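Every number here is computed from the coordinates shown, using simple stated rules; none is lab data. The model shown is predicted, which means the values in this text are computed figures rather than measured ones. Using ideal geometry, Cβ is built from the backbone for each residue, glycine included, and neighbour counts are taken over all protein chains shown.
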Amino acid sequence: MSFRILLCLVVLPLLAGCQNNAETTLSGSIQGTTYHLKMVTRGLPVTAEELKTDVEAIFRLVDEQLSNWREDSAISRFNQQKSTDWQPVPPAIVQLVGVAREIHDRTGGCYDLTVKPLFELWGFSRHEQSVPDDQAIRGVLAHVGMDKLEIDAQGNLLRKKDPELQVSLDSIAQGYTVAVIAQLLEDRGILN
């Protein structure tokens, strides 16, 4: 075997591995913050604009379902109801409440989605924080607790045992959003 053939057999595979990995960067403003995604899209049959449209559609859907900042979101509508009847909610809410229940149980109750009234009492949601008195705290705590929230995963239903119960998904929604977007990218063949 000649030296040239041997050189070609060694060098050509190395050069093939050095192809330019086309990077695509998507960024924008949504949900009161900004996002930046950087991925390798070489050889994929999808444009940056298509990806951006799909990613922002996920952000909007999550916002419409999980945002406590929007009065018309599904979770806000659930919170506004003063009923102890079963209420239909999107599957994402049932899924996240189920995950939260598991974390709640594993942490001995340290993680609790029903603390929204406490956040409001302390002013965290308004950025006007104040220290409430003990009586006010006790009054709100009477309506807090994962034991006051029931899930029917098959029917995509939630039920309050206490009509004053309120749920905040803020602590889990961003991670959920990232997981949904990551799944979209993987489904499109984007692995890096």
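Points worth noting:
- Summing charges over all other residues whose Cβ lies under 14 Å from the Cβ of Gly109, with Lys and Arg as +1 and Asp and Glu as -1, gives -1.
- Normalised contact order of the chain, rounded percent, pairs of Cα under 8 Å and 6 or more residues apart: 23 percent
- Angle in degrees between helix 48-66 and the longest Cα principal axis of the chain, rounded to the nearest 10: 10 degrees
- Segment 22-187, dipole about Cα centre (Lys/Arg Cβ +1, Asp/Glu Cβ -1), debye to the nearest 20: 140 debye
- Between 0 and 90°, nearest 10: helix 170-187 axis offset from the chain longest Cα axis: 30 degrees
- Label-point separation, Asp54 to Thr34 (7 Å along Cα→Cβ), nm: 2.5 nm
- Helix 3-16 axis, angle to the chain major axis (alpha carbon atoms, nearest 10°): 20 degrees
- Lysine pair count for the chain [Cα-Cα under 30 Å; pairs on different chains or 8 or more apart]: 10
- Sequence-distant residues sharing a close amide H with Leu149 (under 5 Å, placed H): Lys161
- Calculated [222 nm] ellipticity per residue, helices only, for the chain: -14500 deg cm²/dmol; basis is -39500 (n - 2.57) per DSSP H run with n ≥ 4, divided by all residues, nearest 500.
- P(r) histogram, all alpha-carbon pairs of segment 31-115 included - 5 Å bins from 0, percent: 3, 11, 16, 17, 16, 14, 10, 7, 4, 2, 0
- In segment 50-192, one over the average inverse separation of all distinct C-alpha pairs is 16.4 Å, which is the Kirkwood hydrodynamic radius.
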